[in-house]
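Just below is one structure, and these are the notes that go with it.
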Amino acid sequence: MSALLDVILPVFLVIGFGYIAARSGLFGESAVDGIMRFAQNFAVPCLLFRSIAKLDLAGTYDLGLFVSFYAGAFAGFGLGFLGARLLFQRSAVDAVAIGFAAMFSNSLLLGLPITERAYGSGALAANYAIISIHSPLLYGFGITAMELARSHGHGTAPGALARQVVRAIFSQPLVLGIVAGLIVNLTGLPLPGSVWAAVDLMVRAAIPAALFGLGGVLHRYRPEGDMKAIMMVCTLGLVVHPAITYGLGRYGFGLDTAQMRSAVVTAAMAPGVNAYLFAHMYGAARRVAASAVLIGTTASIASVWLWLHVLP
């Protein structure tokens, strides 16, 4: 019970404050958009920049860590896609969007603060390693799968598809923050202390602003219909993904305690808001993706509590 009260509840209380503020009209839609734009386009990229720039890449980039986490993620996509096609008779385009929602866990806005509260700020190295390739890898895969589904496997030149994927990936501020951090890390580029101080000021606002804004965003989503598909997405994201990650990490690759904590807790997060943004971008399965984000975020309170007891 202490894990629930001390680790999980504070994070979800901040989300809840944002939800209540939006629901009561104290925080209008334009304000919600503004704080999320600040968080996702400026503050969180600064957080990623600082963390990746100072990350020990040789010590944290581990093939077993990546395979354990991303095998679970891609399994979620595959099972979500097949379930949507075979069980719910959805179009290939809808099935890709549903699979993407099952694959794209909220590694940043939920995974980071919960791991930090549970194990301390020194336990986040593997989180940042996972996050550093999370958006580029999954967005690249998702966009490619969606374009192939839309063209029925033909009609889009490989070169044009590659350019579209690269353009979509590098138009994301989060990815730009990661790339900038990698450049500083790999080149050893010295930055003045005043620059780091300014970055630190932005970083302090990143997670609280993002969590509060996330609550406002979740208020917009209404779980309507498609409940079987929504429950499938939540089950794949909250149960199957962390279970595969745990099994591979413990029995397949022998990850150490810190890696196991970061990988499994991150895998146990609800579908991220980007899952809905992806569905909205293509006009596919928007109701399923939006409701999965809302219901999954609420249900993750229980799933995270369970995994915190399972992990060492």
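Read-outs: derived from the displayed coordinates by stated rules, not from any lab. These figures come from a predicted structure and were not determined experimentally. All Cβ positions, even for glycine, are placed from backbone atoms using ideal geometry, and neighbour counts span all protein chains on display.
Normalised by 2.2 N^0.38 Å, where N counts its residues, the alpha-carbon radius of gyration of the chain equals 0.96. Return the single residue from F12, F141, F81 with maximal mean-square fluctuation; model: Gaussian network over the chain, springs between Cα atoms under 10 Å. Result for the chain, Cα springs under 10 Å: F141 fluctuates most. Overall, the chain carries a charge dipole of about 460 debye about its Cα centre when +1 sits on the Cβ of Lys and Arg and -1 on the Cβ of Asp and Glu, all other atoms neutral. Within a Cβ distance under 13 Å of V44, other residues only, what is the Lys/Arg minus Asp/Glu net charge? Summing Lys/Arg as +1 and Asp/Glu as -1 gives +3. Taking the alpha carbon gyration tensor of the range 202-312, multiplying each eigenvalue by 5 and rooting it gives semi-axes of 26, 18, 12 Å, largest first. Shape analysis of the range 253-312 yields a ratio of the Cα radius of gyration to the Kirkwood radius, Rg/Rh, of 1.12. Applied to the range 254-260, the Karplus parametrisation 6.51 cos²θ - 1.76 cosθ + 1.60 on θ = phi - 60° returns per-residue 3J(HN,Hα) values of x, 4, 6, 4, 5, 5, 4 Hz, with x for Gly and Pro.
Among L306, L214, L248, sorting on how many other beta-carbon atoms sit within 10 Å of each Cβ, with the fewest leading, yields L306, L248, L214.
Ranking I230, G252, A205 by how far each Cα lies toward the positive end of the dipole of the range 135-274 (charges on Cβ) leaves I230 at the top.
Between the range 180-235 and the range 14-86, the C-alpha centres lie 5 angstrom from each other.
Estimated from helices alone, the mean residue ellipticity of the chain at 222 nm is -23000 deg cm²/dmol (sum of -39500 (n - 2.57) over DSSP H runs with n ≥ 4, per residue).
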